[in-house]
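What follows is calculated from the coordinates using simple rules that are stated; it is not laboratory data. All values derive from a computational prediction rather than experimental measurement.
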């Protein structure tokens, strides 16, 4: 009778230990960060993170539209910077030309979200 209870008791003990090890990991996966509601966001624009303020500021970039890696980019010869362009159709019209691009720069990806492109001087 002793031998028949021991394997069953050992299996139950192993399950309990296994659940104790796995449970904290499952709880950590369930805790996803929630998006702040409008009430939780600061009303003062100066209190917003710097990256949000940069995305809202429209800037003008000068350079030449060229193709790099199969995509159109803006090469700024003055600063030696190369920017990816989000609207490839607009950029295609100015391939090989010096232009002024107005838009917002995503500093992390170095991509300009084009508002307009005009021939530059």
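Some notes on this structure:
- Percent RCO, i.e. relative contact order, over segment 55-119, from Cα pairs under 8 Å lying at least 6 residues apart: 35 percent
- Taking a ≥ b ≥ c as the square roots of the eigenvalues of the Cα gyration tensor, segment 55-119 is classed as rounded, since a/c falls below 1.5.
- For residue 58 and residue 110, the difference between the fully extended length at 0.36 nm per residue and the C-alpha to C-alpha distance is 17.3 nm.
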